[in-house]
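Engineer: First the structure, which I've put down as structure tokens, then a few questions once you've had a look.
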Amino acid sequence: MAVTGLAQQSFGRQPALRIIVYIYCRELKHARIFCNPKQLKLKVVCMNSPTEFPLHIVLYQPEIPQNTGNIGRTCTALGAKLWIVQPTGFRLDSAHLRRAGLDYWDHLHWESVTSWQELQERLSDVPMWLITKFGSQTLYQVQFQLGCALVIGRESNGLPESLRQQYADRCVSIPMPGPVRSLNQASATAIVAYHAANQIGLL
């Protein structure tokens, strides 16, 4: 087995060390090992498995390209994969999309699927969590899993009731004690994604 490693260190007010090791062998052509020294745990992610990414962010029929671009930047920061379920309210080659993602868009792993059914087929073994204000539990009451998918609804009306009923026990809300009905899509995604990343040991 040939092993190559890349270590990245960041020191400051909160010292942290993140080690990413790429492994090559006949059984596992590529793998990522995430080391979180705070928890003294190694997380191995096989690059050929359904969980080849530590997180999946799913945008269900997004309508505003700037939000999708910003979410793409968040995905790049976390090493997550972005999925876009069509139809969308913009062209996927939109200049607004890339502008919001800045130069990080070229480093983003993303795919577009034509329907929710296609997404289910592609992520059939991936745990799904639906982010909705109708969730019966908050994101602080659930345990996210390595390789799970966070599903975000449309800016105008969120996720359809049919999906919320299908995944009734996996609908999660963001607490909002103030007098607001909803959060910006990109802001909500960042809140949930970083909380999930912290739970699974990426941070």
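Engineer: Taking the condition free of Cβ contacts under 8 Å to residues at least 24 places away in the same chain and within 16 Å of the chain's Cα centre (by Cα), does GLN143 pass?
Structural biologist: no
Engineer: From the set of residues in region 80-112 that are modelled with pLDDT under 95 and among the small types (Gly, Ala, Ser), which is surrounded by the most Cβ atoms within 10 Å (Cβ to Cβ)?
Structural biologist: GLY101
Engineer: Please go through region 146-188 and give me each residue that is in contact (Cβ under 8 Å) with a residue 40 or more places away in the chain and touching a Ser or Thr at 6+ places or on another chain (Cβ under 6 Å), ordered by number.
Structural biologist: Matches in region 146-188: GLY147, ILE152, LEU159, CYS171, SER173.
Engineer: While we're here: Filtering region 174-193 down to residues that are in contact with a Leu (Cβ under 7 Å, 6 or more places away or on another chain) and not in a loop (DSSP other than H, G, I, E, B), which residue is surrounded by the fewest Cβ atoms within 10 Å (Cβ to Cβ)?
Structural biologist: Among residues in region 174-193 that are in contact with a Leu (Cβ under 7 Å, 6 or more places away or on another chain) and not in a loop (DSSP other than H, G, I, E, B), the one surrounded by the fewest Cβ atoms within 10 Å (Cβ to Cβ) is VAL192.
Engineer: Within the set of pairs 6 or more residues apart or between chains, which connect a residue that is over 13 Å from ASN67 (Cα atoms) inside region 94-108 to a residue that is among the polar types (S, T, N, Q) and at pLDDT 75 or above with Cβ atoms less than 6 Å apart?
Structural biologist: The qualifying pairs are TYR104/THR76; HIS107/THR76; LEU108/THR76.
The values are calculated or read from the model by the stated rules, or taken from the named source; none is laboratory data. All of these numbers come straight from a predicted model, not from anything done at the bench. Cβ coordinates were reconstructed from backbone atoms using ideal geometry, including for glycine residues, and neighbour counts include every protein chain displayed.
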